[in-house]
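The values are calculated or read from the model by the stated rules, or taken from the named source; none is laboratory data. Nothing here was measured: the structure is a model prediction, and the numbers come from that model. As a convention, Cβ positions derive from the backbone with ideal geometry for all residues, glycine included, and neighbour counts pool all protein chains shown. Surface areas here come from the heavy atoms of the whole protein model, side chains and all, with no ligands, DNA or RNA. Shrake-Rupley method; radii C 1.70, N 1.55, O 1.52, S 1.80 Å.
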Amino acid sequence: MASETTLTAIPTGVVGKQAPGIWGFNGGQMIALLIMIAALGAAPFFLYPVFVMKLLCFALFACAFNLLIGYVGLMSFGHAAYFGMGGYVAGHAAKVMGLTPEISIIAGGLIGAGLGLIGGWLAIRRQGIYFAMITMALAQMVYFFCVQAPFTGGEDGIQAIPRGKLFGVIPLDSDMAMYWVVAVVFLCGFMAIHRVIHSPFGQVMKAIRENEPRTTSLGYRTDDYKLVAFILSCGLAGVAGATKTLVFGIATLTDVHFSMSGEVVLMTLVGGLGTIFGPVIGAAVVIGMQNYLAEMGAWVTVIQGVIFVACVLAFRRGIVGEIGNLFKVKL
Amino acid sequence: MLDAIEAFLGVPAPLLFGQLLLGLINGAFYAMLSLGLAVIFGLLNIINFTHGAQFMMGAFAAWMLLAWAGLGYWWALLLSPIIVGFTGIILEKLFISRLYKLDHLYGLLLTLGLGLIIEGVFRNEFGSSGLPYRIPAELSGAWDLGFMFMPIYRGWVVVAALFFCIATWLIIEKTRLGAYLRAATERAELVQAFGINVPRMITLTYGAGVALAAVAGVLAAPIYSVNPQMGSNLIIVVFAVVVIGGMGSILGSIVTGFGLGIVEGLTKVYYPEASATVIFVIMAIVLLARPAGLFGRA
């Protein structure tokens with residue numbers, strides 16, 4: 001694949017070089033990280049906490065998705081399946097089995113990873129467009145399963161899921177208490193993704209994105225790397241879905257539907273493919289837009305479509321990618 | 001005789017044949033849509049995510065021609081593909097043609113966005129409840145075949161879809177135009193060097209693929225209610241069909257489309273719970289056994 005056809009505008013030569021700085025963050029990323037942590041601390045005092053929690057769940061979801069598209073070059077068009085199933089399992093664990101929230105979230109992550117193992121194992125047999133179509137079809141299968149399976153409650157979903165007590169001690173009924181849990185989950189997920197990208201494993205991931213045949217010729221079993229990356233991404237998507245379910249106390253078909261898979265693609269694209277902070281900004285833009293334009297009904301779909309088209313035609317670096325380009329720094 | 005057959009099949013014959021016919025009809029739509037996708041993919045290297053929306057536009061064009069211009073089914077069958085195909089040509093000229101030098105995935109994202117726009121606009125304009133479209137008088141009624149009643153329109157859909165599929169296959173495999181098309185699919189630069197206007201051919205091919213989706217939309221209008229979501233529900237199954245068949249062969253798309261429709265119909269009879277997922281399960285099995293698809297080249 002020639003360099004002009006690769007998905008992201010990251011210069012070659014980054015692969016194989018360990019970025020300097022603290023925990024692998026370069027100067028610009030360190031500043032952005034500090035701003036993000038400060039915003040995390042301040043946000044619930046200025047904005048409606050439930051809105052910020054929703055945003056953080058989707059930001060984690062988009063970061064997990066970006067791990068695949070931005071760093072391995074795999075376009076999954078069915079990530080809603082892992083996100084939504086994580087939510088269903090967490091809801092079931094918290095409501096029916098009466099487990100504590102942290103166990104429920106872990107259960108959601110595990111089911112996401114488990115499904116990711118099966119889905120990834122099937123999908124990595126094909127590349128490019130076929131990979132996208134296969135992940136999409138598998139997700140549709142999960143959707144139909146959720147429509148019929150008794151434990152998901154079909155059209156009604158699982159409702160009135162209790163937030164429970166963290167570690168069995170701290171009640172999370174108040175939005176502020178829940179907020180700090182969500183913020184910690186998000187930050188842990190975000191740092192984990194950053195750590196993976198800057199690990200030796202992550203270097204191989206990026207090598208696969210740049211040139212898969214060449215990575216194979218260097219002696220790496222690229223299929224194994226792709227599968228592990230897929231499982232990681234799906235597990236984190238499951239965690240995001242589980243957390244969202246606990247925040248809202250409800251798990252529904254919306255979260256496994258194809259349009260959710262499309263939305264996470266849009267978030268990542270708007271923010272910037274292959275940038276660490278891009279998916280977070282993209283999630284804020286898309287969720288904020290849905291929130292403030294909710295009364296416009298189907299026009300939201302039209303606006304989302306227009307953003308897709310605009311991003312692809314004129315704005316392929318995304319918001320964070322453009323800012324990074326402006327300041328000549330990788331964000 | 002009929003009793004013996006029923007004992008062998010384990011279900012009442014009318015139920016079985018009724019579902020088989022429904023399966024054939026679904027298969028007809030799978031075949032026509034996956035054929036259009038395959039033709040477009042062959043030349044443009046783009047998976048046309050707008051295809052479902054264009055199928056829906058075909059049905060809506062038929063409805064509009066009747067409601068606003070008083071033109072009936074047969075006129076719709078002629079005019080709707082032309083109108084929708086023309087909008088496809090405009091989309092290709094304005095947007096899609098800018099992406100040929102980029103990664104395939106950008107084409108996928110762009111056409112997905114275009115599909116969202118089209119679907120959203122139709123939902124705003126017509127709501128999501130669906131509009132009725134009557135079966136034309138010449139094709140209403142049913143034949144008594146002895147073992148089942150067959151609504152004439154349903155038989156017509158299968159025959160018409162087969163006709164359009166075979167006509168497409170003949171054009172691509174047996175005519176000079178089709179030869180240019182196949183050559184450009186292999187090596188576009190070389191064909192251009194022989195003095196053939198490849199960019200125009202690409203535009204027209206996209207228009208033709210879209211027109212094929214619109215034909216399927218017109219055929220579908222009297223069967224399903226005409227509504228803005230009718231395409232997006234179908235298109236994901238069609239993608240699975242494309243993965244199963246592989247996009248290498250035109251005849252392969254047709255056979256896979258009809259075959260999977262029949263399998264889906266049989267599943268509805270013998271194990272209804274799995275009828276929504278059976279095609280995806282088959283896709284998984286095919287991926288394990290023959291990753292390139294049944295008719296694909298690795």
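Here are the numbers for the structure shown:
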| quantity | calculated |
| --- | --- |
| Cβ charges +1 (Lys, Arg) and -1 (Asp, Glu), total dipole of the stretch A:21-326, debye | 600 |
| Contact order relative to length of the stretch A:125-210, as percent, for alpha carbon pairs under 8 angstrom and 6 or more apart | 8 |
| Label-reachable residues, the stretch A:234-262, where backbone N falls under 20 Å from a point 7 Å from A:Ala160's Cα toward its Cβ | A:245-253 |
| Estimated FRET transfer efficiency (A:Leu110, B:Asn45; beta-carbon r; R0 30 Å; 0.05) | 0.20 |
| Accessible area in the full protein assembly, largest first, 1.4 Å probe, for A:Lys244, A:Lys54, A:Lys226, B:Lys101 | B:Lys101, A:Lys54, A:Lys244, A:Lys226 |
| Charge dipole of chain B about the Cα centre (unit charges at C-beta), most positive-ward option of B:Gly27, B:Ile83, B:Leu219 | B:Ile83 |
| Cα-derived Rg over Rh, computed across the protein assembly as shown with Rh taken as Kirkwood radius | 0.98 |
| Values of log10 I(q)/I(0), in the order q = 0.13 Å⁻¹, for chain B under a Debye, Cα-only, solvent-free model | -0.94 |
| For B:Leu131, distant residues with modelled amide H under 5 Å away | B:Val226, B:Asn227 |
| Projected label distance in nm at A:Ser199 and B:Lys101, using a 7 Å step from Cα toward the beta-carbon | 3.9 |
| Furthest towards positive pole of dipole, A:Met178, A:Phe145, A:Tyr220, structure part chain A, Cβ charges | A:Tyr220 |
| Expected 222 nm ellipticity per residue - DSSP helices of 4 or more, -39500 (n - 2.57), all of the protein assembly as shown, to 500 | -23500 deg cm²/dmol |
| Span from the the stretch A:209-244 Cα centroid across to the the stretch B:156-184 one, whole angstrom | 41 |
| Distance (nanometres) between label positions extended 7 Å along Cα→Cβ at B:Ala179 and A:Met97 | 6.6 |
| Euclidean distance of C-alpha centroids, the stretch A:106-153 and the stretch A:266-331, integer Å | 25 |
| Rg [Å, one decimal], Dmax [Å, integer] - the stretch B:231-298, C-alpha atoms | 11.8, 35 |
| Charge dipole magnitude, Cβ of K and R +1, D and E -1 - chain B, Cα centre, debye nearest 20 | 800 |
| Contact order relative to length of the stretch B:175-298, as percent, for alpha carbon pairs under 8 angstrom and 6 or more apart | 22 |
| Amide N proximity, the stretch B:125-168 versus B:Leu9 label position 7 Å along Cα-to-Cβ, cut-off under 11 Å | B:147-149 |
| Average partner coverage of A:294-306, which counts Cβ from other chains inside 10 Å | 5 |
| Assigned charges on the beta-carbon of Lys, Arg, Asp, Glu; the protein assembly as shown dipole about Cα centre (debye) | 1560 |
| Sequence-separation-based contact order of chain A, relative, with Cα cut under 8 Å and 6+ spacing, percent | 31 |
| Acute angle (nearest 10 degrees) that the helix B:104-126 long axis makes with the longest principal axis of chain B, alpha-carbon atoms | 60 |
| Pairs beyond 32 Å (Cα-Cα), from A:Lys165/A:Lys226; A:Lys226/A:Lys330; A:Lys226/A:Lys328; B:Lys93/B:Lys268; B:Lys101/B:Lys174 | A:Lys165/A:Lys226; B:Lys93/B:Lys268 |
| Net lengthening on full extension, A:Leu218/A:Ile35 (0.36 nm per residue, minus Cα-Cα) | 61.9 nm |
| Degrees, to the nearest 10: B:278-289 long Cα axis against longest axis of chain B | 60 |
| Folded to 0 to 90 degrees: helix A:128-148 orientation relative to chain A principal axis, Cα | 10 |
| Mean-position separation - Cα centroids, the stretch B:36-53 and the stretch B:222-258, in angstrom | 12 |
| Probe 1.4 Å - accessible area at B:Arg123, Å² to nearest ten | 70 |
| Surface accessible to a 1.4 Å probe, A:Arg125 within the full protein complex, Å² | 80 |
| Whole-number D in µm² s⁻¹ for the stretch A:21-326, Kirkwood Cα-pair radius fed into Stokes-Einstein, 20 °C, 1.002 mPa s | 110 |
| Dipole of chain B, positive direction: furthest Cα of B:Gly130, B:Leu109, B:Thr203, with charges on the beta-carbon | B:Thr203 |
